[in-house]
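Q: This is the structure I have questions about; it appears just below.
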Amino acid sequence: MSDGLERRGVLTVTANPALDHTVIVPHFREGAVNRVREERRDIGGKGVNVAAFLADAGVPVGVTGFLGIEDAMPFERFFAERNIADDFVRVAGTIRVNLKIVDDAGGSVTDINFPGPRLETADVDLLAATVERLARSREWVVLSGSLPPDAPTDLYARLVTAAREAGAETALDTSGEALRLGVEARPTLIKPNIDELRELLDRPVVGGSHVARAVAELHRRGIGVVIVSMGAEGGIFGEDGKIVQTRSPSVPLVSTVGAGDASLAGFLIARLAGGTLEECAVQATARGAAAVTTVGPHLPPPERVAELVRLVEAS
Ligand SMILES: Nc1ncnc2c1ncn2[C@@H]1O[C@H](COP(=O)(O)OP(=O)(O)OP(=O)(O)O)[C@@H](O)[C@H]1O
Ligand SMILES: [Mg+2]
């Protein structure tokens with residue numbers, strides 16, 4: 001590195017992590033006393049998922065963002081088990097909980113989504129300072145997922161700027177206004193899906209030629225790498241005027257949770273190893289496909305991932 005620092009691995013930023021709490025309540029009834037037969041709690045949030053995928057692949061990784069202290073423990077355990085450096089800013093209150101009530105007898109699913117912690121201005125400033133400090137020793141800073149309700153909408157834009165000034169490459173994967181403002185801060189890489197791209201450009205995007213034109217426009221706006229993920233179809237990857245299009249292998253679909261995060265992690269795993277655009281695109285596509293074959297944000301065993309890598313078509 002030209003600044004003489006040794007940079008290693010990735011920092012991921014999750015402004016709004018979640019705790020997914022699923023309870024199985026046979027014959028669930030509104031306005032009655034209901035009994036839970038089974039429950040499971042999964043920690044979530046896009047940056048947390050990306051960090052877990054990177055750590056599983058042996059990439060040195062740290063995490064930050066906002067963590068409500070009242071529910072921090074399962075996150076702390078998860079990070080400790082995976083050797084992920086935890087620099088989350090602790091904030092007062094709870095983490096955003098997504099409660100899912102599954103009635104397997106009656107066949108209904110009820111979702112109750114909590115808003116998450118309230119933020120103070122000091123929390124936002126502390127996160128910006130944390131990103132600035134940690135970005136100095138990382139190769140990439142990844143900013144992923146939605147913002148908490150009262151966070152400033154330009155939070156990711158501000159963090160992209162802080163990370164870039166600290167000399168790190170930046171990847172932004174969010175949507176809506178946070179993405180639009182984030183793009184103005186010129187991250188190294190963005191990974192919208194088709195819907196997010198359409199919203200970002202505020203015009204219809206249908207088919208490969210529209211996507212290629214969109215990618216060129218985003219390059220002109222200062223984004224070096226543009227990944228447009230297209231679900232089961234694969235993705236379009238643009239860098240330096242070069243475009244690689246991939247076709248995802250067809251896989252048994254179990255759950256799409258974490259597909260986008262696995263594909264972003266796949267791209268970075270290959271890039272950190274010095275991969276070309278095509279190699280990065282193939283890893284991204286294979287790992288996204290691998291993620292949909294499992295429940296939750298997990299990958300199947302490495303042999304299966306390697307098999308999917310061989311099945312991806314790139315042109
Ligand atoms: N049904 C599928 N079959 C095969 N591969 C898939 C499927 N869904 C997703 N993928 C793979 O995962 C990648 C990312 O998926 P997708 O485009 O759905 O991301 P996303 O919309 O950002 O998802 P997320 O909800 O995780 O943010 C795709 O480019 C593709 O490689
Ligand atoms: Mg996504």
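The values are calculated or read from the model by the stated rules, or taken from the named source; none is laboratory data. Since the model is a prediction, treat every value here as computed from it, not as a measurement. Counting neighbours? That spans all protein chains shown, and the Cβs are built from the backbone with ideal geometry, glycine included. Keep in mind that these areas ignore ligands, DNA and RNA; they rest on the heavy atoms of the full protein, side chains included. Shrake-Rupley method; radii C 1.70, N 1.55, O 1.52, S 1.80 Å.
Q: Of all residues in the range 177-197 being among the charged types (D, E, K, R) and touching a helix residue (DSSP H, G or I) at 6+ places or on another chain (Cβ under 9 Å), which is least open to solvent (accessible area, probe 1.4 Å)?
A: Residues of the range 177-197 that are among the charged types (D, E, K, R), as a first pass: 177, 180, 184, 186, 191, 195-196.
When the remaining residues are screened for being touching a helix residue (DSSP H, G or I) at 6+ places or on another chain (Cβ under 9 Å), the result is 180, 184, 186, 191, 196.
Numbers: Arg180: 91, Glu184: 119, Arg186: 117, Lys191: 10, Glu196: 39 Å².
Taking the candidates together, the pick is Lys191.
Q: In the range 303-315, what count of residues is obtained for those that are in contact (Cβ under 8 Å) with a residue 12 or more places away in the chain and either of a type in the set (Lys, Arg) or outside any helix (DSSP H, G or I) (or both)?
A: Going through the range 303-315, the residues in contact (Cβ under 8 Å) with a residue 12 or more places away in the chain turn out to be 304-305, 308-309, 311-315.
Imposing the further condition that a residue be either of a type in the set (Lys, Arg) or outside any helix (DSSP H, G or I) (or both) reduces the set to 304, 312-315.
Of the residues in that region, 5 qualify.
Q: Does at least one position in the range 131-150 carry a residue that is open to solvent by 20 Å² or more (accessible area, probe 1.4 Å) and within 16 Å of ligand 2 (Cβ to nearest atom)?
A: yes
Q: Okay, moving on. With Pro300, Pro252 as the choices, which residue is free of Cβ contacts under 8 Å to residues at least 40 places away in the same chain and in a loop (DSSP other than H, G, I, E, B)? Don't jump to the end; show me each part of the working.
A: On the way: Pro252 fails: free of Cβ contacts under 8 Å to residues at least 40 places away in the same chain.
Among Pro300, Pro252, only Pro300 is free of Cβ contacts under 8 Å to residues at least 40 places away in the same chain and in a loop (DSSP other than H, G, I, E, B).
Q: Which ones in the range 265-296 are near ligand 1 (Cβ under 8 Å from one of its atoms) and either open to solvent by less than 20 Å² (accessible area, probe 1.4 Å) or not basic (Lys, Arg) (or both)?
A: Selection gives Ala284, Thr285, Ala286, Gly288, Ala289, Ala291, Val292.
Q: Taking Ser255 as the residue in question, decide whether it is open to solvent by 50 Å² or more (accessible area, probe 1.4 Å) and either under 15 Å from Lys46 (Cβ atoms) or within 12 Å of ligand 1 (Cβ to nearest atom) (or both).
A: Considered against the rule, which asks whether it is open to solvent by 50 Å² or more (accessible area, probe 1.4 Å) and either under 15 Å from Lys46 (Cβ atoms) or within 12 Å of ligand 1 (Cβ to nearest atom) (or both), Ser255 comes out as no.
Q: Right, next: Looking only at the range 224-240, count every residue that is away from ligand 2 (no atom under 16 Å from the Cβ) and open to solvent by less than 70 Å² (accessible area, probe 1.4 Å) and tell me the total. Step through it out loud before you land on a result.
A: Of all residues in the range 224-240, those away from ligand 2 (no atom under 16 Å from the Cβ) come to 224, 238-240.
With the extra rule that they be open to solvent by less than 70 Å² (accessible area, probe 1.4 Å), the set shrinks to 224, 238-239.
Counting residues in the range 224-240 that are away from ligand 2 (no atom under 16 Å from the Cβ) and open to solvent by less than 70 Å² (accessible area, probe 1.4 Å) gives 3.
Q: Same structure again: Restricting attention to the range 1-24, which residues are assigned to a loop (DSSP other than H, G, I, E, B) and under 23 Å from Pro115 (Cα atoms)?
A: As a first pass, look at the range 1-24 and keep what is assigned to a loop (DSSP other than H, G, I, E, B): 1-9, 15-17.
Residues satisfying the conditions are Ala15, Asn16, Pro17.
Q: Moving on. If only one of Phe79, Phe75, Phe53 is farther than 19 Å from Ala291 by Cα and touching a residue at least 40 places away in the same chain (Cβ under 8 Å), which one is it?
A: On the way: Phe79 fails: touching a residue at least 40 places away in the same chain (Cβ under 8 Å); Phe53 fails: farther than 19 Å from Ala291 by Cα.
The match here is Phe75.
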